Amino acid sequence: MTDTTALIESLLARVELLEDKLAITELLTTYSPAVDSGSADEVANLWLEDGVYDVDTGAMHGRGELRAMVHSASHQNWIMNGAAHMMTPAHIRIDGNKAVATCHSQLVIKDPENPTGFKVLRITANRWELIKTDGEWKVELRTNALLDGRPEARALLAAGVTA
């Protein structure tokens, strides 16, 4: 193999990694505007058909349950009265066609006691486990853990950033 061939192969691998990280970042950053706008199909289509969203209030299995969550009275109440799901940039690790993204998220709601104010309702640790199928990244499992001092939440964050 020539130096030029090795260089090209190295550059191709690096570009593919960057493209995958960008695609995963775009997938993650789609969630908040989709869920806050009530776009149930867009939310559900971020996951594999049988993907899971595991939150401390219960797990949603499959796209149908994700759509139902977005259409639910409680979720509609949040977004109709003012809410924003906000995420930090994710730390992304890719291994072949699998990836793990680790970040924080918070749910900010309109403060019913202050007509011009908002308050943070919850802050969670997030682990997104993703699979690349047919050239597209999808969520296999998203796990949220409430950052209220529970060791599970810190462990979830640590698992995403330690070797």
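Quick look at the numbers
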quantity	calculated
Rounded tilt (10° steps) of 62-71 against the dominant C-alpha axis of the chain	40
Amide N of the stretch 105-140 lying under 19 Å from the label point, which is placed 7 angstrom from the Cα of E49 along Cα→Cβ	130-140
Approximate spin-label separation L12-R93, in nm, with each point projected 7 Å along Cα-to-Cβ	2.8
Full-extension gain in nm, S39 to K110, via 0.36 nm per residue minus C-alpha separation	23.6 nm
Helix 151-161 axis, angle to the chain major axis (alpha carbon atoms, nearest 10°)	30
Distance from the stretch 120-163 to the stretch 38-100 (C-alpha centre basis), Å	12
Prolate/oblate/rounded label for the stretch 1-110 (Cα gyration tensor, a/c 1.5)	prolate
Cα gyration tensor shape of the stretch 21-85, rounded if a/c is under 1.5, else prolate or oblate by comparing a/b with b/c	oblate
Nitroxide proxy distance, nm - points 7 Å out along Cα→Cβ at H71 and E129	2.8
Accessible carbon and sulfur surface of the chain relative to its total accessible area, %, 1.4 Å	57
Helix-only CD estimate at 222 nm, as mean residue ellipticity for the chain, using -39500 (n - 2.57) per DSSP H run (n ≥ 4)	-13500 deg cm²/dmol
Other-chain or far-sequence residues with amide H under 5 Å of L141's (modelled H)	V52, E129
For the chain: lysine pairs under 21 Å (alpha-carbon distance), excluding those fewer than 8 apart on one chain	6
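The values are calculated or read from the model by the stated rules, or taken from the named source; none is laboratory data. Just so it is clear, the model here is predicted, and its values are computed rather than measured. With ideal geometry, Cβ positions are generated from the backbone for all residues, glycine too; neighbour counts draw on all protein chains shown. The accessibility values were calculated without ligands, DNA or RNA, using every heavy atom of the protein model including side chains. Shrake-Rupley method; radii C 1.70, N 1.55, O 1.52, S 1.80 Å.
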